[in-house]
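Peer 1: Got a structure for you, written out below as structure tokens; questions coming shortly.
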Amino acid sequence: MITHIQGRLIEKNPTEVIIDCNGVGYFVNISLHTFSQLPESEHVKLYTHLQVREDSHTLYGFTGKTEREIFRLLLSVSGIGASIARTMLSSLSPQQVMEAIAAEDVATIQSVKGIGSKTAQRAVLDLKDKIIKVYGLDDVSVISSNTNRNEALSALETLGFARKQVEKVCDKILKEQPDASVEEIIKQALKNL
């Protein structure tokens, strides 16, 4: 029903904010990720998810649509409620959540307080295909945390190549040779650029 809230930030805490919209103050629950992304200015816009229960109407706010979508996907998993989904997005960034699910990294998901091994496995089972389909992730996204890849990308950017072009070439190289050193990645990338 309420898809976003735009207004003046009245109060800001790590777990909630109060936003004034034309004289009405909205209490919005947020994750630590959203808290860290909030601008210093008074004027804010949060994408929201309204949870309606018999005894309460609870508003959750996110600085980006991707985080809100991940939150909604997590809610669809049996055993994960709004509180645990918010804790997950406070412990991990939305990108880390997506990568952990796409890579079937149950240990990372289980590291979140309140998630046991069965729930973590269920989250991977239920959400892997949806996340890969919606966000265009494939096995390559798992490589994104690779330090050799990041160093090679940085070096190639310094040489004047466009980031998007360089990322595609580096990911292709790492798919064929996951253990390639920084030098090997750069040499092969230069041949293909």
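Rule-based calculations on the coordinates, nothing more; no lab input. Values in this document were obtained by computation on a predicted structure and should not be read as measured data. We place every Cβ from the backbone using ideal geometry, glycine too, and count neighbours over all the protein chains shown.
Peer 1: Just from the alpha-carbon atoms, what are the Rg and Dmax of segment 13-60 in angstroms?
Peer 2: 11.4, 36
Peer 1: Please work out the Cα convex hull volume for the chain and give it in Å³ per residue.
Peer 2: Value for the chain: 145 Å³ per residue.
Peer 1: Relative contact order (percent) for segment 15-110, with alpha-carbon contacts under 8 angstrom and 6 or more residues of separation?
Peer 2: Over segment 15-110, the number comes to 21 percent.
Peer 1: Given DSSP loops and a limit of at most 14 other Cβ atoms within 10 Å, what is the longest stretch of the chain that contains no such trypsin sites (Lys or Arg not before Pro)?
Peer 2: Within the chain, the longest run free of exposed trypsin sites (Lys or Arg not before Pro) spans 114-193.
Peer 1: Something else about it: Given the options GLY114, GLY79, GLY23, which has the most mean-square fluctuation in a GNM of the chain, springs set between C-alpha atoms less than 10 angstrom apart?
Peer 2: Its mean-square fluctuation being the largest, the pick is GLY23.
Peer 1: For helix 82-91, report the angle its Cα long axis makes with the longest principal axis of the Cα atoms of the chain; keep it between 0 and 90° and round to the nearest 10°.
Peer 2: The angle comes out at about 40 degrees.
Peer 1: Give me the lysines in straight-line cross-link reach of LYS191: C-alpha distance below 29 Å, same-chain residues under 8 apart excluded.
Peer 2: Reachable lysines: LYS164, LYS168, LYS172, LYS175.
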